[in-house]
Amino acid sequence: MLKNIKNLLVIILVLAIFAGLIYSYVYLTNRQSPVSSEPSSIDITAVARYTPTWGPGDVKNLVATAVPTPYARKTVPEIAAMNQALADKKSLLATDILIGSQYKAINVEQYCTNLKLGNIDMGSSTIGAAVLRELQWDMGVSLGDLTFTMEEGSSTIPVYHAADENGNPYTETQSYGILVITVNDFGINGPTILSGNEQVFSTGDSIELYKLWLIPRELLTGQDLIGEKSVMVTNMAMELVNLETLTPHGSDVNLKGLYREFVNSFSTSGEGHIYDTLIAIFDPMAKEHGFAGIEKVVLKMPPMSTTIYGWQDYGDMPLIPTDYPAKFADNVCPNEPAPEVLDALNGGE
């Protein structure tokens, strides 16, 4: 009896072990494999080339870098090389003087004096001259007094590229250039008398009787008093019309206008402006040196003079003499109306 019980226990133990083995087999067979959290397409080469050594918690950054998303590239402009090219390319401007602004006007001025014998003023003997001229002044700068340099300006909007030299997509950002023009010195040339626009004629009293009366004196002394005065008043009228056309009554408004237009010509686009010529020449050069182009032009100028006497001509000589307008204070005909421009054009001698 005891023997039968032992045999039964052995059979139950064997069956239990067998059942456990079957259960384990079924469980392991039906269990699903874990889902991988890694991207389906990771560029291992990209990871090696563009990612640093990642620390704890950087798994998201690693995955974001490894998948083929565009990386950013900044093109650094060759500023030093560009500045050297600018220094070497001044000859492209094909001139020594760059004219930045012009002022042109037509005007009539007159100068009169009285005939005198010694200190004796001969009555009713006013002799004078009136001069009409159309005049032009140019404000310019010599290339030798110019310096061109390029500075880095604002950045462009990133541009997408499908593939770099290794086939990887990227976005490229460039810098615009700021062309800086430094003017060390400038001058004003003029006046230029425009062709055909000059008239000279006499004003004042009729002095025919004086001419007859002075003939014997001229024969005795060899001095042509009326002729000398005529030359003098004509020269004074010519000088006066030049000065009054540019600086009327000592005003510097026209000089300041020349200066402002000079700055605009170099720094803004417009008809006849130097700016457009500079952009046409230097913008392609900027792109060759890594810039996206020229963003703007900045002009650095010496300040304008605070008086009419501080302006200079191309030879660095004073444009307006310091004795103006005092030199013409003895003009005896300023109260007489000067001939109108149309009258002068129609009745000049």
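Computed from phi, the 3J(HN,Hα) profile of the range 299-308 under the Karplus parametrisation 6.51, -1.76, 1.60 (θ = phi - 60°) reads 9, 9, 10, x, x, 5, 5, 8, 9, 6 Hz, with x in place of Gly and Pro.
A cut-off of 5 Å between modelled amide H atoms, ignoring neighbours fewer than 5 places along the same chain, links Gly100 with Met139, Gly140, Val141. Per-residue packing, averaged as other Cβ atoms within 10 Å, sorts the ranges 147-160, 251-264 into the order 251-264, 147-160, beginning with the highest. Each residue of the range 146-163 was assigned a 3J(HN,Hα) from its phi angle through the Karplus curve 6.51 cos²θ - 1.76 cosθ + 1.60 (θ = phi - 60°); the sequence is 10, 10, 9, 9, 10, 10, 7, x, 6, 9, 7, 5, x, 10, 7, 10, 5, 7 Hz, with glycine and proline shown as x. For the range 264-275, backbone phi angles converted through the Karplus equation (6.51, -1.76, 1.60; θ = phi - 60°) give residue-by-residue couplings of 4, 4, 7, 10, 9, 7, x, 4, x, 6, 5, 3 Hz, Gly and Pro being listed as x. Proximity of backbone amide H atoms, modeled 1.01 Å from N, is registered between Ser125 and Leu115 at under 5 Å, excluding neighbours fewer than 5 places apart on the same chain. For Thr203, the residues 5 or more places off, or on other chains, whose built amide H falls under 5 Å of its own are Gly128, Ala129, Ala130.
When peptides 132-139, 296-303 are sorted by average Cβ neighbour count within 10 Å, with the highest value leading, the order is 132-139, 296-303.
Any read-out appearing in this document is the output of simple, stated calculations on the displayed coordinates, not a laboratory observation. Every value quoted in this text rests on a predicted model; they were computed, and no experiment measured them. As a convention, Cβ positions derive from the backbone with ideal geometry for all residues, glycine included, and neighbour counts pool all protein chains shown.
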